[in-house]
1. Can you tell me which condition residue B:340 does not meet? The list is (1) open to solvent by 10 Å² or more (accessible area, probe 1.4 Å); (2) at pLDDT 95 or above, and all the others hold.
2. Might you check whether a residue that is in contact (Cβ under 8 Å) with a residue 24 or more places away in the chain, within 30 Å of residue A:162 (Cα to Cα), crowded, with 19+ Cβ neighbours inside 10 Å and basic (Lys, Arg) occurs anywhere in the stretch A:328-336?
3. Out of the stretch A:143-172, which residues are surrounded by 24 or more Cβ atoms within 10 Å (Cβ to Cβ) and assigned to a helix (DSSP H, G or I)?
4. Quick check on my filter: what residues within the stretch A:310-337 are at pLDDT below 95 and of a type in the set (Asp, Glu)?
5. Quickly run through the stretch B:20-37 and pick out the residues that are free of Cβ contacts under 8 Å to residues at least 24 places away in the same chain, closer than 17 Å to residue B:50 by Cα and hydrophobic (A, V, I, L, M, F, W, C).
6. Tell me the residue from A:206, A:213 that is of a type in the set (Phe, Trp, Tyr) and open to solvent by 20 Å² or more (accessible area, probe 1.4 Å), please.
7. Looking at the stretch A:90-106, which of its residues are crowded, with 20+ Cβ neighbours inside 10 Å and closer than 20 Å to residue B:90 by Cα?
8. Looking at this structure, is residue A:106 within 16 Å of DNA strand C (Cβ to nearest atom), modelled with pLDDT under 90 and on the phi > 0 side of the Ramachandran plot?
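The values are calculated or read from the model by the stated rules, or taken from the named source; none is laboratory data. Only a predicted model underlies this, so the values are computations on that prediction, with no experimental measurement involved. For neighbour counting, all protein chains shown are included, and Cβ atoms are generated from backbone atoms with ideal geometry for every residue, glycine included. We work out accessible area using only protein heavy atoms, side chains counted, and drop any ligands, DNA or RNA first. Shrake-Rupley method; radii C 1.70, N 1.55, O 1.52, S 1.80 Å.
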There are 2 protein chains.
Amino acid sequence: MKTAKTVASLKTVASLAGVSIATVSRVLNGDPVVKDETRLAVQRAIKTSGYHPNRVAQRLRSTNRSKKLIGLLIPDIQNPFYVDVIRGIEEYAYANGSAVVIGNFSQDPKREKLYIDILRSESVDGFIVAPSHGKDQDVEELINDGHAVVCIDRGLSNLNVDVVKSDNEKGAFNAVAHLIKLGHKRIAHITGDPAIPTTQERIAGYIAAHKHYGIRVDQKIIKGKESNFISGVEITKQLLALPDRPTAIFTANNLLTLGALETILQQELKIPEEIAIVGFDDVYWATSLNPPLTAVRQHGFEIGQRAIELLYQRIQQPDRLPANVIVKTELMIRRSCGFK
Amino acid sequence: MKTAKTVASLKTVASLAGVSIATVSRVLNGDPVVKDETRLAVQRAIKTSGYHPNRVAQRLRSTNRSKKLIGLLIPDIQNPFYVDVIRGIEEYAYANGSAVVIGNFSQDPKREKLYIDILRSESVDGFIVAPSHGKDQDVEELINDGHAVVCIDRGLSNLNVDVVKSDNEKGAFNAVAHLIKLGHKRIAHITGDPAIPTTQERIAGYIAAHKHYGIRVDQKIIKGKESNFISGVEITKQLLALPDRPTAIFTANNLLTLGALETILQQELKIPEEIAIVGFDDVYWATSLNPPLTAVRQHGFEIGQRAIELLYQRIQQPDRLPANVIVKTELMIRRSCGFK
DNA sequence: CTGAAAGCGCTTACAG
DNA sequence: CTGAAAGCGCTTACAG
């Protein structure tokens, strides 16, 4: 029961069908040159032997054909945005009989490097990566070595590469404009890690909205350190302790939003009457919050799909010019922003 | 720039160092038999050539040694519980230089089958699976064919297999007991898909708590269809429309909880005064809810770690008796259960 | 239309 | 201590 059965190989099938392994391979690969009679015999042998091709051998052998395996480097699998991206990629891969190897590097560049090495030596067809920062040398090296790479969420500053990402500036603009139109004049912005390009784009949108509506920007209420929950908690505390406390907060991602929400709750402030909030990143639990959260929705699933499409194009046409795909965001207006 | 550099192989290194590929392989594998001088020359050649072993060739060749690759079959990557499990598994794999291939089958048995086939033909060392249902034939076949398999969250009814899961019955018992101690006497239970073993165990805990405290069980307020959000919404609506409406709801997983929460919010009922709620599955946003949610925490990360430990044991010792690891749950008491 | 043979990049007995 | 050779399961020119 527990001893591994020997698995059927080309050889098994070949001897069963009374042909050579080359012929079996041809049938498997749909080579039209094979005689019908032979093909049938082989197909029968495949059935009865329960043969499944060995993808490892196929990958080792084949040089030009697709290996049906793509590598994914994700900064944080706990972030629902990336989960949507993964689903988009997987959906497409699944339809192609491709498998996806996910390396979740938890924002750790060392771990990112290890996964790059592993995936490289697994001979994947290509990579979809959210680089840990703007000048990610490991990803650059990958590209310079001739691998097909598509970046998501953020590009590379030194290299022209395929990128798929959200319209961050516009998304931030719309969120802040929404607050302004509701009468808010003193709006804080809790930013993500300043080293990430996305952070800068969202700040730009925040500022642009102020300019557009003729409202003064106060740099003292634009604050950010890291992109995580703790940072959201700390900065919210600082903001709420200010003598001229803001009437609204715009948070730059879902983790920061959560930190802000928890802090507001603890101080027993009413949303939106005492403090309004709008967050970047919509999440599936936003409508179950009390009050439901107004948020900028990123279409992660679409971002994933565009990314893998671009990747397959890049594989087939290594020299085409890099594309820059911007996926629209959408402001989901719910009840966390009203003004007294 | 875009033309793939030829990658260094054993051959490259061997000729650079002036030795045979066998010797290079020995150095790479730490064979102590190699002369120091030779070893150094080879190591130098490895450095200068930028050699990285080809894992595909290694996997094809080696029969008894670890392939450093494990397969993961996850029913729903959107469920934060599984994300925790994945992280636990990955942490361990990372420390071992192993990679993890994730197949997210979205509760679709067909897709599960495809991923099993793919992973099998990738010659993974073993599988960690949450079977789509109690009698999952594809997983059974995998085991019968001699593959190392560990199940998480639920076992297989026809086969004795390694299983790691939460103490579902006790977790449910504690949640319901908590409500009863707060004075609730009419507690509804929104269950998951009745076909999943987990669902039955949680129902058992719910009933046991009632028995233990001498409270009558009303089958009419134990309801469930699927394990998703929509099901949570629908059943909550039915429960709230009842003439003798329950004073509390115990939801069997995080998606159902979310559905219940949204419905309660829409009907503008106050939690916990008008309706109390306790959910199975703690989530990282539970403390940002208003009021913060009382929930049964499953230790997904530990479940993942136990599972991969068991898997490696199973690989080394294919004949040891199947283990059944139960990981404790923990009731996180917050503010959603108080009674008037 | 089909088969024999080379080779992808490794590991591992077997000689020496 | 080291090398030549076989072989893992495939694919693909090359003959015939």
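1. The failed condition is (2).
2. No; the residues of the stretch A:328-336 include none that is in contact (Cβ under 8 Å) with a residue 24 or more places away in the chain, within 30 Å of residue A:162 (Cα to Cα), crowded, with 19+ Cβ neighbours inside 10 Å and basic (Lys, Arg).
3. Selection gives A:168, A:172.
4. Of everything in the stretch A:310-337, just one residue is at pLDDT below 95 and of a type in the set (Asp, Glu), namely A:319.
5. Selection gives B:21, B:24, B:27.
6. Working: A:206 fails: open to solvent by 20 Å² or more (accessible area, probe 1.4 Å).
Being of a type in the set (Phe, Trp, Tyr) and open to solvent by 20 Å² or more (accessible area, probe 1.4 Å) holds for just one of A:206, A:213, which is A:213.
7. A:90, A:99, A:100, A:101, A:102, A:103, A:104, A:105
8. Details: within 16 Å of DNA strand C (Cβ to nearest atom): no; modelled with pLDDT under 90: yes; on the phi > 0 side of the Ramachandran plot: yes.
Here the answer is no, as residue A:106 does not meet what is asked.
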